[in-house]
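To start, the structure itself, in structure tokens.
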Amino acid sequence: MALQHLTEDTFDTAVNAAPLAMVDFWATWCGPCKMMGPIVEKLAGEYDGKALVAKVDTDEEADLAEKFDISTIPTLVFLKNGAEFDRKIGVTPEAALREVLDANL
Amino acid sequence: MAHDVIVIGGGPAGLSAAVNVRARGRSVLVVSNPLEENPLWRAEKVDNYLGLPGMSGAELLKTLRAHAEQAGAEFREGRVLNAVAMETDWFVSIGSDMENAKAVVLAGGVARAKKFPGEAEYLGKGVSYCATCDGMLYRKKPVAVVGYSDSAKKEAEFLTSIGCTVTYFDRPKTCEIIGGAKAERVVCDGQAADVACVFLLRPALAPTDMFPGIEVENGYVKVDRAMATSLPGVFAAGDCTGGPLQVSKAAGEGLVAGQSAAKYVADLARKK
């Protein structure tokens, strides 16, 4: 599965069905988020079929951002079948994201 | 846009690095605060810069800047927040935008301030270094801006414009951030404010905040004789590598770092 852009309507179904998911909470006005973009896209391709890699635009989906208590962006939330088990706040190197994904495949 | 080298910092070290990257035929972008916010700007007289005695800090800065412009360096005003590597590129975020390059020269001066109590603990939980990034998450909420530059005032105006209620602390000496799971209150020089977020806007971020994992020694960026840091493709020069905090030393290190960065870019191209 390629990179998914989730909304309030699609979030629960997509994430609950995924044994492992990484969701990037971001926004268009945020430079550090733009920087994470290519990394998240690359991981979406590489983990295709193994993990759901998705993005949530916090500007469009303010309720989702509030539900996950996002207080800075980018924030990357890791979930197993919809339950959060880890998160990385701020710009995070690719290797650190890979570490969490690989340890939970 | 992609550049060969990005220089972070527009003081003597950064400008010297830029001139020397250009001398090796590579493109370079210098990201810095306005020249007037450089600490050297306020120096009444610099008497130990070889060959140019008695110049004011402002005159010297303008002269160095003109030289770098003449050499073909590009300039961009702003504060660098983070840098992250992907494959053979470095991505650097500046406010709401980003730039990328093959190599980076870190010449942002000394991050003078120590962290405040509660700052590291609540970073990302109600403490932010970027108003343009996180401001929107606090629309209609009370926030504090702890500002140490004129640019910080502009960021506070931006927060007001998007609907935040802003308490502004102008260059306080001490601050403490207090809260539970998230920051709830900030006390600066004895004055308190209950807020949902504290924006700490210093002229420059600490190297370890900009470059996660960069090695430091006694608070300064660790470099070798080629001004290479512990991160591949990242070089450092000037006050951020340690004393003496003098213009000549900064310009000399900038030269080495600029040449090393240009060589790094050339070596990368050869490997392809």
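We did not get these values from a lab; they are worked out from the coordinates using the rules stated. This is a predicted model, so every value here is computed, not measured. No Cβ is skipped: glycine too gets one built from the backbone with ideal geometry, and neighbour counts run over all protein chains shown.
Taking every DSSP beta bridge that has both residues in chain A, what percent is antiparallel when rounded to the nearest 5?
On the way: 11 of 19 bridges.
Taking every DSSP beta bridge within chain A, about 60 percent pair in antiparallel fashion.
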(message) Counting only other residues whose beta carbon sits under 14 Å from that of A:I73, what net charge do I get with K and R as +1, D and E as -1?
(response) -2
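What does the convex hull of the Cα atoms come to per residue for chain B, in Å³? Intermediate results must be reported in sequence, preceding the final value.
Numbers: hull volume 35.8 nm³, N = 272.
In chain B, the Cα hull volume divided by residue count equals 132 Å³.
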(message) Could you give each residue of segment B:190-200 its phi-based ³J(HN,Hα) in whole Hz, using Karplus coefficients 6.51, -1.76, 1.60 with θ = phi - 60°, and x for Gly or Pro?
(response) x, 9, 10, 9, 8, 9, 8, 8, 10, 9, 9
(message) Report the Cα-based extents of segment A:4-103 along its three principal axes, largest first, to the nearest Å.
(response) 30, 28, 20
(request) Grab the DSSP H runs of chain B that are 4 residues or longer, score each as -39,500 (n - 2.57), total them, divide by all residues and round the 222 nm result to the nearest 500 deg cm²/dmol. (result) -8500 deg cm²/dmol
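Within 15 Å, Cβ to Cβ, of B:K263, how many net charges do the neighbouring residues add up to if Lys/Arg are +1 and Asp/Glu are -1?
On the way: positive: B:R22, B:R24, B:R26, B:K102, B:R225, B:R270, B:K271; negative: B:D4, B:D224, B:D267.
So the surrounding residues net to +4.
Expressed as a rounded percentage, what relative contact order does segment B:125-272 have, with Cα pairs under 8 Å and six or more residues apart? Before the final figure, lay out the partial values.
Working: 235 pairs, mean separation 28.1, N = 148.
Reported relative contact order: 19 percent.
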(request) Can you figure out the FRET efficiency of A:K50 with B:K271, using R₀ = 25 Å and their beta-carbon distance, to the nearest 0.05? (result) 0.20
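Sort B:28-38, B:232-242 for me by packing, meaning the mean count of neighbouring Cβ atoms within 10 Å per residue, highest on top. It would help to have the intermediate numbers written out before the result.
Working: B:28-38: 20.9, B:232-242: 25.7.
Ranked from most to least packed, the peptides come out as B:232-242, B:28-38.
If the only charges are +1 at each Lys and Arg Cβ and -1 at each Asp and Glu Cβ, what is the size of the charge dipole of chain B around the Cα centre, to the nearest 20 debye?
Values: 31 positive and 31 negative charges, 70 e Å.
Dipole size: approximately 340 debye.
Given contacts defined as C-alpha pairs under 8 Å and at least six residues apart, what's the relative contact order of chain B, whole-number percent?
Details: 593 pairs, mean separation 64.2, N = 272.
Contact order relative to length: 24 percent.
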(request) As a check on your grasp of the helix formula, calculate [θ] at 222 nm for chain A: sum -39500 (n - 2.57) over DSSP H runs of n ≥ 4, divide by the residue count, round to the nearest 500. (result) -11500 deg cm²/dmol
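I want the local charge near B:E215. Using Cβ-Cβ distances under 13 Å, sum +1 for each Lys or Arg and -1 for each Asp or Glu among the other residues. Intermediate results must be reported in sequence, preceding the final value.
Values: positive: B:K222; negative: B:E217, B:D224.
Net charge around B:E215: -1.
Give the percent of DSSP beta bridges with both residues in the protein assembly as shown that are antiparallel, rounded to the nearest 5. Walk me through the numbers on the way to the answer.
On the way: 35 of 74 bridges.
Within the protein assembly as shown, antiparallel bridges account for around 45 percent of the total.
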(request) Send over the Kirkwood Rh of the protein assembly as shown, from the inverse of the averaged 1/r over different Cα pairs, rounded to one decimal Å. (result) 21.7
(request) Output ³J(HN,Hα) for segment B:224-241: one whole-Hz value per residue in order, computed from phi by the Karplus curve 6.51 cos²θ - 1.76 cosθ + 1.60 with θ = phi - 60°, and x for Gly and Pro. (result) 9, 5, 8, 6, 7, 8, 6, 9, x, x, 10, 10, 9, 7, x, 4, 5, 8
(request) Calculate the length of the line joining the C-alpha centroid of segment B:233-272 to that of segment A:29-74, in whole Å. (result) 34
(request) At 7 Å along the Cα-to-beta-carbon direction for both B:I162 and A:D102, put a label point, then send me their distance in nm to one decimal. (result) 3.6
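What is the order of B:K263, B:K102, B:K272, fewest Cβ neighbours within 10 Å to most? Could the numbers behind the result be given before it?
Working: B:K263 15, B:K102 23, B:K272 5.
Fewest to most other Cβ atoms nearby, the residues stand as B:K272, B:K263, B:K102.
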(request) Calculate, in nm to one decimal, what B:S248 and B:R24 gain on full extension: separation in residues at 0.36 nm each, minus their alpha carbon distance. (result) 78.5 nm
(request) Quick one: among B:A206, B:A107, B:A43, which has the greatest mean-square fluctuation in a GNM of chain B with alpha-carbon springs under 10 angstrom? (result) B:A43
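Let me have the relative contact order for segment A:4-103, percent, based on Cα pairs under 8 Å that are six or more residues apart.
On the way: 155 pairs, mean separation 38.8, N = 100.
Dividing the mean separation by the residue count of segment A:4-103 yields 39 percent.
Given N residues in segment B:114-154, what is its alpha carbon radius of gyration divided by 2.2 N^0.38 Å? Kindly include the intermediate steps, with their values, before the conclusion.
Details: Rg = 10.9 Å, N = 41, 2.2 N^0.38 = 9.0 Å.
For segment B:114-154, the normalised Cα radius of gyration comes out at 1.21.
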